[in-house]
Amino acid sequence: MKIELGQKLYEGKAKIVYATNRPGTVVQYFKDDATAFNALKRGTIVGKGEVNNQMSATLFRLLEKARVPTHFLEQLSGREMLCRHLDIIKIETIVRNIVAGSLAKRTGLPEGTPVRPPIVELYYKSDPLGDPMLNDEHVRMMKLASPKELAWLKKQALRINDVLRPFLLKKGLLLVDFKLEFGRHRGTLYLGDEISPDTCRLWDAKTRQKLDKDRFRQDLGGVEDAYQEVYRRVVQDGKAA
């Protein structure tokens with residue numbers, strides 16, 4: 001069946017989600033728009049949408065091979081991805097391997113300090129509230145997920161880390177930390193959203209140069225070059241291999 005786009009279901013800071021003519025599926029369209037600090041800072045990163053779509057497709061395929069259930073079904077174009085339609089759980093799950101960002105601010109630990117073993121943090125997915133941090137009791141109180149689902153989310157997050165971290169290290173990239181979103185589809189839990197320089201902190205393994213959205217957040221310059229470098233290492237080199 002040829003996929004045809006239906007009505008726009010949602011437009012976020014980085015993607016547009018469309019209904020399709022195939023039941024139970026949606027198309028994610030990846031934009032070049034960039035935001036930071038809960039959309040207080042806005043801009044454009046040229047080519048970001050294509051990088052994020054194709055990198056996400058590459059990593060979702062890798063995770064599927066490792067038996068991690070994802071919403072990914074097919075890459076339709078440079079910017080479009082066919083996915084299962086998920087009822088997104090309003091919890092952002094963060095895995096941290098190295099101290100950076102808010103973890104450095106909250107703990108006073110120097111950026112770059114290794115986190116051993118990796119830790120999992122939970123945040124409430126709510127732009128109006130600024131995505132505040134949650135604990136298990138908050139999740140239970142707000143009925144965001146059942147205890148069984150929450151345990152599954154945390155276990156899967158660490159499992160995903162175990163797959164992505166060595167893969168990216170072989171590409172010369174340190175996986176500092178990353179955000180995951182999960183959702184329900186016909187009674188089953190799946191990994192959703194994307195895995196890209198928008199949702200991961202990625203440093204060059206030798207120089208520790210930042211190759212992710214922090215270059216936009218911190219006005220470091222070279223944002224497009226950083227995204228293209230990650231694309232070259234993760235997507236293009238993989239195709240060549």
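The values are calculated or read from the model by the stated rules, or taken from the named source; none is laboratory data. Just so it is clear, the structure is predicted and the values come from calculations on it, not from any experiment. We place every Cβ from the backbone using ideal geometry, glycine too, and count neighbours over all the protein chains shown.
Conditions: (1) closer than 26 Å to Q209 by Cβ; (2) not assigned by TED's automatic domain parsing to the domain that holds N161. V95 meets all but one. Number of the miss?
Of (1) closer than 26 Å to Q209 by Cβ; (2) not assigned by TED's automatic domain parsing to the domain that holds N161, only one is false for V95: (2).
What helices (runs of 4 or more DSSP H), lying completely within region 154-241, carry at least 2 residues that are in contact with a strand residue (DSSP E or B) (Cβ under 8 Å, 6 or more places away or on another chain) and in contact (Cβ under 8 Å) with a residue 24 or more places away in the chain?
214-217, 223-231
Determine which single condition E181 fails, assuming it passes every other condition in (1) crowded, with 18+ Cβ neighbours inside 10 Å; (2) in contact with a Phe, Trp or Tyr (Cβ under 9 Å, 6 or more places away or on another chain); (3) not aliphatic (A, V, I, L, M).
Result: E181 passes all but (2).
Counting just the residues of region 1-48 that are closer than 15 Å to G192 by Cα and assigned to a loop (DSSP other than H, G, I, E, B), which one comes out modelled with the highest pLDDT?
If we take residues in region 1-48 being closer than 15 Å to G192 by Cα and assigned to a loop (DSSP other than H, G, I, E, B), then G24 is modelled with the highest pLDDT.
Which one is surrounded by the most Cβ atoms within 10 Å (Cβ to Cβ), of the residues in region 60-95 that are farther than 16 Å from K15 by Cβ and among the hydrophobic types (A, V, I, L, M, F, W, C)?
Only one residue tops the list, namely V95.
Can you pull out the residues in region 186-199 that are under 18 Å from A151 (Cα atoms) and not β-branched (V, I, T)?
G187, L189, Y190, L191, G192
Filter region 101-135 down to the residues that are surrounded by 13 or more Cβ atoms within 10 Å (Cβ to Cβ), in contact with a strand residue (DSSP E or B) (Cβ under 8 Å, 6 or more places away or on another chain) and of a type in the set (S, T, Y), then identify the one that is farthest from D162 (Cα to Cα).
It comes out as Y124.
Considering each residue of region 52-90, count those that are in a loop (DSSP other than H, G, I, E, B) and either β-branched (V, I, T) or in contact (Cβ under 8 Å) with a residue 40 or more places away in the chain (or both), and give that number.
Looking only at that region, the number is 8.
Just wondering, is there one or more residues in region 127-134 that are touching a Lys or Arg at 6+ places or on another chain (Cβ under 7 Å) and under 22 Å from R217 (Cβ atoms)?
yes
Filter region 135-181 down to residues that are among the aromatic types (F, W, Y) and under 17 Å from the mean Cα position of the chain (by Cα) and give me whichever is farthest from I98 (Cα to Cα).
Looking at the filtered set, the residue picked out is F167.
Looking at (1) under 24 Å from K15 (Cβ atoms); (2) out of contact with any Lys or Arg (no Cβ under 7 Å at 6 or more places or on another chain); (3) of a type in the set (D, E, K, R), can you tell me which one R140 breaks?
(1)
Take region 202-237 and flag every residue that is farther than 19 Å from N53 by Cα, modelled with pLDDT under 90 and polar (S, T, N, Q).
Q218 - this is the single residue of region 202-237 that is farther than 19 Å from N53 by Cα, modelled with pLDDT under 90 and polar (S, T, N, Q).
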